[in-house]
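S.K.: Please read through the structure below; I'll follow up with questions.
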Amino acid sequence: MKKTGKKQNRKNNWNQFAWHHVRAKVPSDWEITAYSVEDRVGRIEFNTRHGLQATVSWEPCKREPDRLTTMTAFIVNNILGKSNARNLRSTDISTETFSNFLLGWLDDETPCQAMAYNPESNHLIRWIFEGYSDRTGRTDTIYPILESFDFNDDEDLCEYNLHGIHCKLPWDYKIEDIIVLPANVMMNFESELTKRKTVFRRWGMASMIFDGRELTDFYRPILRSHSIIIDNAKPCRVNGHDARRILFNAPREHHSERFMRRRWHNGIALIWHNTDTNRIYTAEQIGPDNTPELDFSVTLPGISIQN
């Protein structure tokens, strides 16, 4: 099996990511190329120009499985194939415990697996590392990733940190839609309890797409394309960068209310231009009357809003 991983010491160059049931740091050249929106079961894939580096997956389990038996079955069914692994035994797999994980690898060429079980959510977490099974790969890459890992199960908020969008939302907010383009990312969430909606957007190459416009003029046609109308815009600062607080109204989501052209009038948005990263960020929220607003200073980690 060809090794796709590169044995480099990247300990000083990591990126944080967070998604359903998983939160960790990975080397900065690892790009997320596939992901699952479903929080019950899914996975995330990491690639570089050298190919697949790792996959992390989550699946529900009513009780903790025998992790070594599960690893053995994965090697037989997904890596070697049943016809090539008829005599494979669990004792053929080298194992060790690191943090919450059991690591297992057959040899230096076969992908290394790492499994942990979260009894709070009854989920099994499985990492599969491609080309990092030898001692150097485990020491320089796998161990630091597992050391930084946690189950992303904070009591009140779930953290999402993917493709340049970083937010924390109450657990009743679920992902409705996500669009990832080279210079444009959008994540759309809705509360299962209140039906309140929140949308996060990020654009790259801000200096090019501004084309001499100010923030409100840039934002207005984007919102208008979703039948959203800006009522008011006030200048502010976000972490010292130029920003606007926006009040807006939008069509209600229920089909009968949309048919009657009824609108919500409690929309709040924040848009700012981070000149350090040359990116534009927005956060929007709106919902039925008397539903609790999200505090952007909590929802957007690391954000300080100045009037």
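S.K.: Against the empirical 2.2 N^0.38 Å scaling, what ratio does the C-alpha Rg of the stretch 14-148 come to? Don't skip to the answer; put the middle values down first.
M.R.: Details: Rg = 14.4 Å, N = 135, 2.2 N^0.38 = 14.2 Å.
In units of the 2.2 N^0.38 Å rule of thumb, it is 1.01.
S.K.: Further question: What FRET efficiency, computed as 1/(1 + (r/R0)^6) with R0 = 41 Å and r the Cβ-Cβ distance, is obtained for residue 157 and residue 83, rounded to the nearest 0.05?
M.R.: Values: r = 48 Å, r/R0 = 1.17.
FRET efficiency, residue 157 to residue 83: 0.30.
S.K.: Continuing with this model, one more query. How far apart, in nanometres, would the label points at residue 49 and residue 28 be if each is projected 7 angstrom from Cα along the Cα-to-Cβ direction?
M.R.: So the two model labels end up 1.6 nm from each other.
S.K.: Okay, next question. What three numbers, in Å, describe the spread of the alpha carbons of the stretch 66-224 along their principal axes, ordered from the longest?
M.R.: 67, 38, 30
S.K.: Can you sort 83, 227 from fewest to most other Cβ atoms within 10 Å of each residue's own Cβ? Each step should come with its number before you reach the end.
M.R.: Working: 83 7, 227 12.
Ordered from fewest to most neighbouring Cβ atoms within 10 Å, 83, 227 come out as 83, 227.
S.K.: Can you count the Lys pairs in the chain with C-alpha separation below 25 Å, eight or more apart or on different chains?
M.R.: Step by step, the pairs that qualify in the chain add up to 18.
S.K.: Pull out the extension gain between residue 64 and residue 139, defined as 0.36 nm times the separation in residues minus the alpha carbon to alpha carbon distance; nm, one decimal.
M.R.: Values: separation 75, 0.36 × 75 = 27.00 nm, distance 2.67 nm.
Contour length minus Cα-Cα distance gives 24.3 nm.
S.K.: Skipping prolines and chain starts, which residues have an amide H placed within reach, meaning under 5 Å, of the one on residue 61, given they are 5 or more residues away or on another chain?
M.R.: Under 5 Å from the amide H of residue 61: 123, 124.
S.K.: Report the extension gain between residue 148 and residue 181 in nm, rounded to one decimal, defined as 0.36 nm multiplied by the number of residues separating them, less their alpha carbon distance. Walk me through the numbers before you get to the answer.
M.R.: Working: separation 33, 0.36 × 33 = 11.88 nm, distance 2.81 nm.
Extending this stretch completely gives an extra 9.1 nm.
S.K.: According to a simple spin-label model (label point 7 Å from Cα along Cα-to-Cβ), what is the distance in nm between residue 174 and residue 193?
M.R.: Rounded to a tenth, the inter-label distance reads 1.5 nm.
S.K.: Separate question: Residue 210: net charge of surrounding residues, Cβ under 12 Å, Lys/Arg +1, Asp/Glu -1, itself excluded? Kindly include the intermediate steps, with their values, before the conclusion.
M.R.: Values: positive: 213, 279; negative: 211, 214, 217, 242.
Result for the neighbourhood of residue 210: -2.
S.K.: What order do you get for 62, 82, 174 when you list them from fewest to most C-beta neighbours inside 10 Å?
M.R.: Details: 62 6, 82 9, 174 15.
Going from least to most buried by this count: 62, 82, 174.
S.K.: Can you give the helix-only mean residue ellipticity at 222 nm for the chain, where every DSSP H stretch with n ≥ 4 adds -39500 (n - 2.57) and the sum goes over all residues, rounded to the nearest 500 deg cm²/dmol? If you can, show how the numbers build up before the last one.
M.R.: Numbers: 6 runs with 38 residues, N = 307.
The helix contribution divided over the chain gives -3000 deg cm²/dmol.
S.K.: Report the local net charge at residue 242: Lys and Arg +1, Asp and Glu -1, summed over other residues whose C-beta lies under 15 Å from its C-beta. The partial results should precede the final answer.
M.R.: On the way: positive: 213, 234, 237, 244, 245, 279; negative: 214, 217, 276.
Net local charge, residue 242 excluded: +3.
All of the numbers you see were taken from the coordinates with simple rules; none came from a lab. Quantities reported herein were computed from a predicted structural model and do not represent experimental measurements. Using ideal geometry, Cβ is built from the backbone for each residue, glycine included, and neighbour counts are taken over all protein chains shown.
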